[in-house]
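K.L.:
Sharing a structure below in structure tokens format, with a few things to ask.
The values are calculated or read from the model by the stated rules, or taken from the named source; none is laboratory data. No experiment lies behind these values; they were computed from the predicted model shown. As a convention, Cβ positions derive from the backbone with ideal geometry for all residues, glycine included, and neighbour counts pool all protein chains shown.
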């Protein structure tokens, strides 16, 4: 994969270059100390990955992303997580690395990029790289990515253009579909038991006729989903 | 008491790559004094926003040099500057002096 590094600090560029050097599949084509020079370069070259410092004077990383017509995969490098989260809504931004970047974290990021296909649509619901194993889910609320622990989710309910995610502590309203969030959830933990409901399987308190009790939520079970629910129960 | 800078992070990244280690030291020896001068210029001319920008830049070096507490202080100072305050200025200046002394030894 061809990549470029954009960072106004020489020390930071040296570090990213060193991190790249340990990954044979990565080839650093060029480095830039400002985003404008990089734009000129990108008009002439095809690049697979950009390592981009988000906080640069004058023309920031976010400004840069907004100017790109067909952006490649972009990995933000930053010390400011809040900046990164704000920018994470862009489809081309596939990860962010908090400085000082460790080799392990960098390799995880590259692994993630390697697994991405360029045509794959990105949902507004993002699985964070660190949580590939399925511990967390990031939901986009008012341009903020809020981290939810999967094991704290009780029920997810479809409500028109929105879904409502009920956790042990709070309820979140997210502009997406049940189908999209279902794709992000581990099957072992979650099960759709009704056209409008996904439940956290381990949170079931009891099942009565055509409903499931989860905390204080009574959730209906549809006829078509009932066999799968029953199959997964550890019945005596 | 200001914590002492170190090259642990750089050494970890370098492994056996002495060339990278040396290259990094050369870069920081070049870059840090320039940023320090830039910082001092902004402070003495009361350019608050520009001071905050250069503090932001300098704080990365604190991180790279393993100075976690100094990094936190720089974060606070940057916020203070953006808020029209400068309560952490003298401590920040002490950190810069500590780093300047250190990089002369490496």
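K.L.:
Name every residue in the range B:1-21 that is more than 11 Å from chain A (Cβ to nearest Cβ) and either free of Cβ contacts under 8 Å to residues at least 24 places away in the same chain or out of contact with any helix residue (DSSP H, G or I) (no Cβ under 8 Å at 6 or more places or on another chain) (or both), in order of residue number. Quick ask: steps written out before the conclusion?
P.N.:
So in the range B:1-21, the residues more than 11 Å from chain A (Cβ to nearest Cβ) come out as B:1-7, B:11, B:16, B:18.
Those that are more than 11 Å from chain A (Cβ to nearest Cβ) and either free of Cβ contacts under 8 Å to residues at least 24 places away in the same chain or out of contact with any helix residue (DSSP H, G or I) (no Cβ under 8 Å at 6 or more places or on another chain) (or both): B:1, B:6, B:11, B:16, B:18.
K.L.:
Do we find that residue A:49 is touching a strand residue (DSSP E or B) at 6+ places or on another chain (Cβ under 9 Å), crowded, with 20+ Cβ neighbours inside 10 Å and either in contact (Cβ under 8 Å) with a residue 40 or more places away in the chain or within 14 Å of chain B (Cβ to nearest Cβ) (or both) in this structure?
P.N.:
When the stated conditions are applied, residue A:49 passes them.
K.L.:
I'd like the full set of residues that are in contact with a strand residue (DSSP E or B) (Cβ under 7 Å, 6 or more places away or on another chain) and either at pLDDT 85 or above or farther than 30 Å from residue A:71 by Cα (or both), limited to the range A:122-161.
P.N.:
Result: A:148, A:149, A:150, A:152, A:153, A:154, A:155, A:156, A:157.
K.L.:
Next question. Can you confirm whether the range A:27-37 contains a residue that is assigned to a loop (DSSP other than H, G, I, E, B) and more than 10 Å from chain B (Cβ to nearest Cβ)?
P.N.:
There is at least one residue in the range A:27-37 that is assigned to a loop (DSSP other than H, G, I, E, B) and more than 10 Å from chain B (Cβ to nearest Cβ).
K.L.:
Looking only at the range B:74-95, filter to residues that are within 11 Å of the chain's Cα centre (by Cα) and in contact (Cβ under 8 Å) with a residue 12 or more places away in the chain; which one of those is nearest to the other protein chains (Cβ to nearest Cβ)? Let's see the steps before the verdict.
P.N.:
Applying the first criterion (within 11 Å of the chain's Cα centre (by Cα)) to the range B:74-95 yields B:74, B:92-95.
Retained after the next criterion (residues that are in contact (Cβ under 8 Å) with a residue 12 or more places away in the chain): B:74, B:92, B:94-95.
On the way: B:74: 10, B:92: 16, B:94: 21, B:95: 16 Å.
Going through the qualifying residues, I end up with B:74.
K.L.:
Further, regarding this structure: Checking residue A:18 against (1) farther than 21 Å from residue B:26 by Cβ; (2) without any contact (Cβ under 8 Å) to a residue 12 or more places away in the chain; (3) within 13 Å of chain B (Cβ to nearest Cβ), which single condition isn't satisfied?
P.N.:
(1)
K.L.:
Within the range B:35-49, how many residues are assigned to a helix (DSSP H, G or I), within 13 Å of chain A (Cβ to nearest Cβ) and farther than 19 Å from residue B:62 by Cα?
P.N.:
2
K.L.:
Let me ask something else. Give the residue, chosen from B:24, B:32, that is in a helix (DSSP H, G or I), modelled with pLDDT of 95 or more and buried (at least 22 other Cβ atoms within 10 Å of the Cβ).
P.N.:
Unique residue meeting the criteria: B:24.
K.L.:
Considering only residues that are within 21 Å of residue A:106 (Cα to Cα), more than 14 Å from chain B (Cβ to nearest Cβ) and part of a loop (DSSP other than H, G, I, E, B), which ones fall in the range A:52-76?
P.N.:
A:71, A:72
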